[in-house]
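The values are calculated or read from the model by the stated rules, or taken from the named source; none is laboratory data. Everything numeric in this text was worked out from a predicted model, so none of it was measured. Because the Cβ atoms are built from the backbone with ideal geometry, glycine has one as well, and the counts that use them run over all protein chains shown.
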Amino acid sequence: MVKSEVFWWKAGVLEMGLAVLSGYVIETRVFRGPLDLLLDLIEKEELDITQIALAQVTDQYLDYLSRLPRRDPAELSAFLWVAARLLWIKSRVLLPRPPLAAGEEGEEEGEDLVRRLQEYRSYRQAAGFLEERLKAGWRSWGRVSPPVLPPSRPAELEGVSLEALLAALQRRLAELAVEEVRPRPPSARVTLVEKARLIYERLRSRPEVSFQDLLAESSSREEVVVTFWAVLELFKRCWITLEQEELFGPIVIRRRSDTASAWEGHPEWWSELEDLA
Amino acid sequence: MRTLLEALLFVAAEPVSVSELAQALEREEAEVAAALEEWAAEQAGRGLRLLRLGNRVQLASAPEAAPYIERFLGLHRPARLSAAALETLAIIAYRQPITRAAIEALRGVDCSGTLHTLLNLGLIEERGRAPSPGRPILYGTTFDFLRHFGLQSLEELPPLDLPEAGPEEPGG
């Protein structure tokens, strides 16, 4: 504590010395806005925030404004707005007061700037508090990842590689190609809605269904396509989630928990699907 | 109850609401809230602290441990915040939820760039919209804010030295 006080005292002397030597103070601080500048001027003069104090620092404020490096117009206008108020206040302080009437409202205008500046000062102090906390480096950390949960995939899917999946699909397609030679009853057609319902029913009794299993049940090329389509449609409508743990790995279909009840509650979704097919 | 709360918060990956805790423990929310409060009050000198924001809580490391944690995890000190960012952050911390216009009225300058930076840093977040015309976005501070400044809750901010309320603002 003592140490830091000594340091600041030395720094103060050094700053004063520089100012005396060079004859002027170099502006090193970038002001955060007109109120920031105004507050600094008042504090430098060790004044309380009053209309009189504002009038006293008006010239310095305008002086700074004239040397203000070119900034964007919005920021400049903020500085000018305060400058206009300052000039008004100064004229009020210097000139004999006109009687009542117009004076009432003007008085409030000046008080308004005083109040704003006082309020601003307390937030600037609060910012200082935050800065101290940052400098002290007292941060804390929370947990950012959940504990590793046991895999919810069925064990039979474990160790399934890309090659195995592709092979399964090809084998299936090859079988179907052979089957197709045989005459089939035309009633075996499967619609998009039927497939979607199948997936839905499946997911009601189980937490997840593997895409591979669904394909395996398909008895024709057409059905494979419809199954794939149904999965895409359900996914597009956010009824299900698709998860693939690794590139080309098995795809697991799950019902989205937040739409659990929505499935039943929206019969029109089904008719929407029917319209598609 | 405290034992269970500690265990639940240890396995939670993100801030948890009091109601979620109450549900898991099959207790009344008020009861859980009271237990949390009591626990937080007795944590001084412990390695873990309970952070509170609104009705959510999170377990975090004690701020005093920061230098050691940084060394342990090989972390760098965070980048410094600009004076304008700190000022904006202070206003939001005390006055949340607050609109951009209200922040700008207090600071006297445009704050859109600063707000953008603070949002990107995750120190503030959108908190819905004000019912006033144009339905402007409201901003509030996050758990990241508490952790960044080593605070347990917003109540740890020092009281604001505000001027006495003057006459009503013109037109307000």
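A few comments on the model shown:
- Counting only strands (runs of 3 or more DSSP E) that sit completely within segment B:51-142, those holding 3 or more residues that are facing another protein chain (nearest Cβ under 7 Å) and closer than 21 Å to B:E156 by Cβ correspond to B:56-61.
- When B:L86 is tested against (1) crowded, with 19+ Cβ neighbours inside 10 Å; (2) touching a residue at least 24 places away in the same chain (Cβ under 8 Å); (3) out of contact with any Ser or Thr (no Cβ under 9 Å at 6 or more places or on another chain); (4) not polar (S, T, N, Q), only condition (2) is not met.
- Residue-level analysis places B:G150 outside the set of residues that are in contact (Cβ under 8 Å) with a residue 24 or more places away in the chain and assigned to a strand (DSSP E or B).
- Scanning segment A:57-67 for residues that are in a helix (DSSP H, G or I), at pLDDT 80 or above, surrounded by 20 or more Cβ atoms within 10 Å (Cβ to Cβ) and at the interface with another protein chain (Cβ under 9 Å from one of its Cβ atoms) turns up nothing.
- Test result for B:A93, within 29 Å of B:L36 (Cα to Cα), buried (at least 18 other Cβ atoms within 10 Å of the Cβ) and assigned by TED's automatic domain parsing to the domain that holds B:R147: yes
- Answer from A:I89, A:I52, A:I42 - the residue that is more than 13 Å from chain B (Cβ to nearest Cβ), surrounded by 11 or more Cβ atoms within 10 Å (Cβ to Cβ) and touching a Gly at 6+ places or on another chain (Cβ under 9 Å): A:I89
- Test: residue in segment B:98-120 that is surrounded by fewer than 22 Cβ atoms within 10 Å (Cβ to Cβ), within 23 Å of B:L50 (Cα to Cα) and outside the structural domain of B:A13 (by TED's automatic domain parsing): no
- When B:S19 is tested against (1) in contact (Cβ under 8 Å) with a residue 24 or more places away in the chain; (2) within 14 Å of chain A (Cβ to nearest Cβ); (3) assigned to a helix (DSSP H, G or I), just one condition goes unmet, and that condition is (2).
- In the set B:L9, B:L4, B:L48, only one residue is closer than 24 Å to A:S145 by Cβ and more than 10 Å from chain A (Cβ to nearest Cβ); that residue is B:L4.
- Selected residue [in contact with a helix residue (DSSP H, G or I) (Cβ under 9 Å, 6 or more places away or on another chain), modelled with pLDDT under 85 and small (G, A, S)] from A:A216, A:A174, A:A164: A:A216
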